[in-house]
Amino acid sequence: MSTKTIDQVEEQFETFQILNEEGEVVNESEMPDLSDEQLQEIMRRMVYTRIWDQRAISLNRQGRLGFYAPTAGQEASQLGSHFALEQEDWILPGYRDIPQIVFHGLPLHQAFLWSRGHFGGSQFPDGLNIVVPQIIIGAQIIQTAGVALGLKRKKKENIAITYTGDGGASQGDFYEGINFAGAYNAPAVFIVQNNRFAISVPVEKQSAAKTIAQKAVAAGIEGIQVDGMDVLAVYKATLDARKRALAGEGPTLIETLTYRYGAHTMAGDDPTRYRTSEEDDEWAKKDPLIRFRKFLEGKKLWSEEKENEVVEQAKEDIKQAIKDADKTPKQNVTDLLGFMFENPPVNIREQLEEYTAKESK
Amino acid sequence: MGNWTMAQAITDAMRNELNKNEDVLVFGEDVGQNGGVFRVTEGLQKEFGEDRVFDTPLAESGIGGLAIGLALTGHRPVMEIQFFGFVFEVFDSIAGQMSRWRYRSGNKQTMPVTVRSPFGGGVKTPEMHADSLEGLMAQTPGLKVVIPSNPYDAKGLLISAIRDNDPVVFLEHMKLYRSFRQDVPEEEYTIELGKADIKREGKDITIIAYGAMVQASMKAAEELAEEGVEAEVIDLMTVSPFDVETVIASVEKTNRAIVVQEAQKQAGIASQIVAEITERAILSLEAPVLRVTSPDTVYPFAAVEDAWLPNPAIIVEKAKEVINF
Ligand SMILES: Cc1ncc(C[n+]2csc(CCOP(=O)(O)OP(=O)(O)O)c2C)c(N)n1
């Protein structure tokens, strides 16, 4: 009796797909209404991000970046969902979700500053509705419930979107966040990027649930599992979720099935310790860039020439961004003390004096 | 002027701020219809509506995250943790997130959250309700921790806390909620955070206390006075960062001090006060600075609570030890 209930629930979470691995449309009725320019822009962003990822890895190895969590393999999941947003929407990213906030408006050199642990990386341009990438897994999910409720209270026609991984879906805060947003009918979209591993632990060891999407059921919100290597499917699912949220129909949990090709982070993680090359090869075949390139080429919307232009542009931007980051004045302890409180209490005032003297030498 | 309990004064502070500023929101478990388990939010939902004063699902971490998100969208959240013993469930939001937000955003985003919560012993609560956990908060740079000792201070301090653009943890001692009344102005007034108050002047010894221990220290000072010892009693009010200037000035005058806290010896904030006095005023001291605290055990079951908590007699004893050093 009870297992039957679970089977029935799981049946409802079949993977949503629009483009198959060959770049063929398999779900015509769900095809989103995007112009040729928009389709090309999505491809441009994915190629750009792939190049940036490669450069970031090498810059990290040269010691020119700090903390970095590779994103190759996850472009469709990250950028497809982001493409469905409006400029005033709020993004509460995790540490791997830098591409989304850069395409939302964070200058690339600031993303590099953040990577280096410089506060200048999170002094966001005015009016850019993003939050500093979250390190504590789950914290961003409960905060998203708050931002979404805040937007609703302020009568904004905007949503709050957040990202975590398959590991993050095990956190208590994940359940509290989706439950709160549901209880308040707040305009939130929760994306779980299921890239199969939380550092080294496979998703099968995270939970007995067959899908993460089905966890929405307990919170009484919409849930959908999407092919996370299919940028059109991710885009469409997020667009629909956004619409529903703004129509007062509540939050949505979106699970994107994706894969991270690289290491967990550049701080010494070696993926060969926990996964096989067969698995890597299998997922490489599903690559979101190959699939979408094929689709666009079929419509005569993409070419090698176009791709090379994007690659060159990305390389140039990255070079410039690193230069800009290098030019940023170094961070001082006085900055840190200065930002502790609006009105520094006596301990801070005294320590500010001490460090101002030290640092002006 | 009202003759109010501390609970009423706190309600009035929230009412004042809800009236004054649309962006102030009061929320937590049972704070709406029920008016809070201590009735501290009584009537506020009726007056300001469910949109401004509301019940949350039962999840402390969620409440903390909600407060952060609401603050980011221009609100001034006043969140309630039903009992401070439950703060561990929301420790990340308070100590890990709110406290560092201003710095991590390079001073561009503020966290004007007030975390209200009852705590404190002597009322025979079940386990994990009464613990004095202010030390955990005080050890977190970026947080202000306020503990009033009477109705008048509670109102002025809470209004200041709600108006503060940085996170403030505002702890309300359960025993003080209704144990006495005081004249409290009905109009608004503020008491500056970070300033201590000299509740009794004296020249022979400084007693530094906060929360319910202020009343105990005042009683002790009366007893000492009968024996010819004039104790100065300082109520810290803001326990972190505390008003080191007032404390040092007093110690320089009296040359002797004890610190009184309900928390265990290794907890609370007494050690920090002793350290500051030692660093800044060692040459004024005629005797070591001693502490009156609870012992370093877990917070005990209710039956032994009274023996476990500090009381005026122990304060008198400790003061005499310092004086006769
Ligand atoms: C609360 C918390 N616990 C543990 C960690 C350490 N940690 C960082 S990333 C990670 C794995 C996260 O996996 P997942 O949520 O699947 O996201 P992915 O890295 O795969 O994108 C862990 C355990 C952390 N940052 N925060």
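Below is a table of values for the structure above.
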| quantity | calculated |
| --- | --- |
| Residue-normalised accessible area of the stretch A:64-214, given per residue in Å² at a 1.4 Å probe | 29 |
| With every protein chain in place, the stretch A:1-68: carbon and sulfur % of accessible area (1.4 Å) | 44 |
| List of the stretch B:31-67 residues, accessible area with partners at least 50 Å² below that of the chain alone (1.4 Å probe) | B:PRO57, B:SER61, B:LEU66 |
| Rounded to 10°, Cα long-axis angle of helix A:172-183 versus longest principal axis of chain A | 70 |
| B:GLU50 versus B:THR297: modelled label distance in nm, points set 7 Å from Cα along the beta carbon direction | 4.7 |
| Estimated distance in nm for a label pair at A:LYS205 and B:GLU187, the labels positioned 7 Å out from Cα along Cα-to-Cβ | 6.7 |
| Global form of the stretch B:114-154, assessed from the alpha-carbon gyration tensor, a/c cut-off 1.5 | oblate |
| Qualifying lysines (Cα of each under 28 Å from Cα of B:LYS318; at least 8 residues distant if same chain) | B:LYS124, B:LYS175, B:LYS195, B:LYS199, B:LYS203, B:LYS219, B:LYS253, B:LYS265 |
| Amide H contacts under 5 Å for B:ILE234, placed H, 5+ residues apart | B:LYS199, B:ILE207, B:ILE208, B:ALA209 |
| Virtual spin-label span in nm between A:GLU350 and B:ASN3, 7 Å along Cα→Cβ | 4.4 |
| Per-residue mean of C-beta atoms belonging to partner chains within 10 Å, peptide B:99-111 | 6 |
| Three-way shape call for the stretch A:2-329 based on the alpha-carbon gyration tensor, with the a/c threshold at 1.5 | rounded |
| Of all DSSP beta bridges in the protein assembly as shown, antiparallel share, percent nearest 5 | 15 |
| Per-peptide average of other Cβ atoms within 10 Å, ordering B:28-41, A:323-336 highest first | B:28-41, A:323-336 |
| Amide H contacts of A:TYR163 (H built 1.01 Å from N, under 5 Å, at least 5 apart or other chain) | A:LEU92, A:GLY94, A:ILE191 |
| Most mobile listed residue (B:ALA303, B:ALA95, B:ALA275) in chain B, GNM with C-alpha springs under 10 Å | B:ALA303 |
| For residues of A:132-143, the mean tally of beta carbons on other chains within 10 Å | 5 |
| Sequence-separation-based contact order of the stretch A:2-329, relative, with Cα cut under 8 Å and 6+ spacing, percent | 26 |
| Candidates per trypsin sites (Lys or Arg not before Pro) in the stretch A:103-168, loop by DSSP, up to 14 other Cβ within 10 Å | A:LYS154, A:LYS155 |
| Residue-span extension gain [A:THR15 to A:GLU305] - 0.36 nm each, minus C-alpha spacing | 101.0 nm |
| Inter-centroid distance (Cα atoms) of the stretch A:111-169 relative to the stretch B:281-301, Å | 43 |
| Loop-located GluC sites (Glu not before Pro) in the stretch B:207-302 whose Cβ has at most 12 other Cβ within 10 Å (DSSP) | B:GLU227, B:GLU286 |
| Close Lys-Lys pairs in the stretch A:271-361, where close means Cα under 14 Å and separation is 8 or more or interchain | 5 |
| Gap separating the Cα centres of the stretch A:12-32 and the stretch B:1-64, nearest whole Å | 49 |
| Taking chain B and dividing mean pair separation by its residue count, relative contact order in percent (alpha carbons under 8 Å, at least six apart) | 16 |
| GNM top mover of A:TYR261, A:TYR274, A:TYR68 - chain A, alpha-carbon springs below 10 Å | A:TYR274 |
| Using alpha-carbon coordinates, inclination of helix A:304-327 to the longest axis of chain A, degrees | 20 |
| Whole-Hz couplings from phi, Karplus 6.51/-1.76/1.60, listed for the stretch A:163-171; x for Gly and Pro | 10, 8, x, 4, x, x, 5, 8, 5 |
| Volume of the Cα convex hull of the protein assembly as shown, divided per residue and given in Å³ | 177 |
| On Cα atoms only, tilt of B:270-281 relative to the major axis of chain B in degrees | 60 |
| Rg/Rh ratio calculated on Cα atoms of the stretch A:1-91 (Kirkwood radius) | 1.11 |
| Sites A:VAL333 and A:GLU30 - FRET efficiency at Förster radius 45 Å, r taken between beta-carbons, to 0.05 | 0.25 |
| Threshold 50 Å² - residues in the stretch A:165-209 whose accessible area is reduced by that much or more when the chain is no longer isolated, probe 1.4 Å | A:GLU176, A:PHE180, A:TYR184 |
| Interchain or long-range residues, amide H under 5 Å from B:SER240's placed H | B:VAL145 |
| Karplus (6.51, -1.76, 1.60) ³J(HN,Hα), θ = phi - 60°, over the stretch A:354-361, in Hz, Gly and Pro reported as x | 4, 6, 5, 4, 4, 7, 8, 5 |
| Descending semi-axes in Å of the stretch B:195-325, equivalent ellipsoid built from Cα gyration tensor | 22, 17, 13 |
| Interface area, A with B, accessible, probe 1.4 Å, both sides summed, Å² nearest 100 | 3500 |
| For chain B: rounded, prolate or oblate by the Cα gyration tensor [a/c cutoff 1.5] | prolate |
| Shielding by other protein chains, A:334-347, mean Cβ within 10 Å | 6 |
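The values are calculated or read from the model by the stated rules, or taken from the named source; none is laboratory data. Model, not experiment: these values are computed from the prediction. So basically every Cβ, Gly included, is an ideal-geometry build from the backbone, and we count neighbours across all protein chains shown. Keep in mind that these areas ignore ligands, DNA and RNA; they rest on the heavy atoms of the full protein, side chains included. Shrake-Rupley method; radii C 1.70, N 1.55, O 1.52, S 1.80 Å.
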